[in-house]
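Every number in this text was worked out from the coordinates using simple rules, so none of it is lab data. Quick caveat, the model's predicted, so the values are computed rather than measured. All Cβ positions, even for glycine, are placed from backbone atoms using ideal geometry, and neighbour counts span all protein chains on display.
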Amino acid sequence: MEGDASVTGGIFWALRFLSDIAFRWVPGTVEVVTGTAPGTSLPIIHAITEPVSMGEMVSFFQTAAAPGTYQYFYHQWSVFVAVSVIVSLFLGAGIVYCVLRIFQIRNNEAERFKAAAHPIATRDISKAQLRWNRILEQAHSDSEQGWRLAILEADILLNELLDVLGYRGETMADKMKQAERATFHTIDLAWEAHLVRNTIAHEGSMRELNSREVRRVVSLYEQVFKEFQFIS
C-alpha cells in the first residue's frame with residue numbers, strides 16, 4: 001500500500017509540475033515579454049515587416065520587454081526547455097520500447113500460427129525418426145528376436161525411402177536396380193543390408209545372429225538413410 005501511495009504521489013507531483021509549466025510559466029513569460037503583465041509597460045516599437053536575423057530577434061525581445069524581464073524570460077524558457085527535453089526523452093524511450101514489444105509479440109504470434117499449421121515439421125520428431133529410434137533400441141537390446149525385428153523393420157524403412165525417391169517396381173530388388181551410383185552413393189550398402197534381411201526372412205531362426213553383426217547391418221541402413229536426410 002505504501003508503494004502504491006508513493007507512486008500515486010509521484011504521478012500527481014509530475015502532473016502538477018507540468019501543469020504549472022503549461023498554464024502559469026509560459027503564459028506569464030509571454031505577458032512579461034509583450035508588456036501585458038501587471039506593472040509593465042510596452043515601449044513603442046516598429047512592426048516587423050521584413051525577414052530578420054537571429055540577432056535582430058534577440059534585440060527585439062530585449063526592446064519589447066521591460067527592464068530586466070528579458071533575463072527572466074530567458075531563465076524561465078531555459079528551465080522549460082530542459083524539462084521538455086527530459087520529458088521527451090522519457091516519452092521517446094517509451095515509444096521505442098512499445099514498438100519493439102509490438103514487433104516481438106507479432107513475431108511470436110507468427111511462429112505460433114506456423115507451428116499450428118505444421119505441427120509435425122516444427123514441433124514433433126518425424127515418423128521415420130521415431131521408427132528409427134525404435135530400431136536402434138531393438139538393435140542394442142540383448143534379445144535375438146529384437147535383433148531380427150530391427151533388421152526387418154530397417155528394411156521396411158528402406159523400401160519406403162525408395163518409394164519417396166521415385167523408384168518403382170514389384171520388389172525392392174527391382175527398385176534398387178534402377179538406382180545409379182552417381183545419384184545414390186550408398187546403393188551398394190543398401191544391397192548388402194537387404195541381402196542380410198532376405199537371409200533372415202527366409203531362414204528364420206536358423207540364421208544365427210550376434211550383436212556385432214546386427215549393429216553392423218543397422219549401420220549400413222543408417223548410412224543410406226542419412227545420405228538422403230531421411231533421419232537425422
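Here is how the numbers come out for the structure above:
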read-out: Isotropically averaged projected area of segment 127-227, using the convex hull of Cα atoms (one quarter of hull area), nm²; value: 6.0
read-out: Sum of side-chain charges, Gly204 neighbourhood, beta-carbon under 13 Å (Lys, Arg +1; Asp, Glu -1); value: 0
read-out: Burial ranking of peptide ranges 207-220, 187-200, 94-107 (average Cβ count within 10 Å, highest at the top); value: 187-200, 207-220, 94-107
read-out: Mean Cα-pair separation over length for segment 127-227, i.e. relative contact order, pairs under 8 Å, 6 or more apart, %; value: 34
read-out: Residue-span extension gain [Glu144 to Glu213] - 0.36 nm each, minus C-alpha spacing; value: 23.7 nm
